[in-house]
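Right, one structure below, let's go through it.
The values are calculated or read from the model by the stated rules, or taken from the named source; none is laboratory data. Quantities reported herein were computed from a predicted structural model and do not represent experimental measurements. Glycine gets a Cβ as well: all are built from the backbone with ideal geometry, and neighbour counts include every protein chain shown.
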Amino acid sequence: MHRQAGQTPDFGSRTPPRAILCLAACLIAIASLSNVVQAQAPSDPNEIFDMFDTNSDGKIDRTEFDVNKVQVISVFDANRNGQLERDETRMSDEAFNTADQDGDGAISGYEFVESPLGKFEAFDSDGDGLITREEFRAVVEDLRG
Ligand SMILES: [Ca+2]
Ligand SMILES: [Ca+2]
Ligand SMILES: [Ca+2]
């Protein structure tokens, strides 16, 4: 097959590889983007609160808490090993050691769920079934010591 200058290029045999390259580039871009997000876990209690408050009504109900807590762990898990190390949590030594039940220097998913961090009641100070921004902030600040 001979192609002459000025003719419409024949993409038949060329487009698929380019499309795959583009797709690969897009996936890499998405991966790096999520790396950036991972590296920037929020330090402001309000930002963490917003991650839980899915419907943005200014309160976290039990469902929002349970659904989002796993997601929140992964945001703080900067090295993505499925556990939260001390430097990833910004927690005080006392709070961290309480959560790290087996004392291996990391809070596993199980330890997280079992600790006050993973318990709705620990955040809902007045027990009305909703966590307000103030209740949330108070607990987070307490954890940081
Ligand atoms: Ca980790
Ligand atoms: Ca542990
Ligand atoms: Ca409450």
- Somewhere in region 56-75, is a residue within 16 Å of ligand 2 (Cβ to nearest atom) and touching a residue at least 24 places away in the same chain (Cβ under 8 Å)? yes
- Only listed residue being closer than 23 Å to Thr54 by Cα and within 16 Å of ligand 2 (Cβ to nearest atom), chosen from Gly105, Gly118: Gly118
- Task: State whether the residues of region 86-96 include one that is more than 18 Å from Asp66 (Cβ to Cβ), among the aliphatic types (A, V, I, L, M) and either within 16 Å of ligand 1 (Cβ to nearest atom) or without any contact (Cβ under 8 Å) to a residue 24 or more places away in the chain (or both).
- Result: yes
- Task: Go through region 72-141 and tell me which helices (runs of 4 or more DSSP H), entirely inside it, have 1 or more residues that are touching a Lys or Arg at 6+ places or on another chain (Cβ under 7 Å).
- Result: 93-99, 120-123
- Candidates Phe123, Phe136, Phe112 - the one that is at pLDDT below 95 and buried (at least 18 other Cβ atoms within 10 Å of the Cβ): Phe112
- Out of all the residues in region 119-142, is one or more within 16 Å of ligand 1 (Cβ to nearest atom) and of a type in the set (A, V, I, L, M)? no
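Condition check ((1) hydroxyl-bearing (Ser, Thr, Tyr); (2) touching a helix residue (DSSP H, G or I) at 6+ places or on another chain (Cβ under 7 Å); (3) at pLDDT 95 or above) across all residues:
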| residue | (1), (2), (3) |
| --- | --- |
| Thr15 | yes, no, no |
| Asp50 | no, no, yes |
| Asp61 | no, no, yes |
| Glu64 | no, yes, yes |
| Ser74 | yes, no, no |
| Ala78 | no, yes, no |
- All but one of (1) under 19 Å from the mean Cα position of the chain (by Cα); (2) at negative phi hold for Gly82, so report the exception by its number. (2)
- Just need a number here: residues in region 97-122 that are within 16 Å of ligand 3 (Cβ to nearest atom) and either farther than 11 Å from Phe65 by Cβ or touching a Leu at 6+ places or on another chain (Cβ under 9 Å) (or both). 1
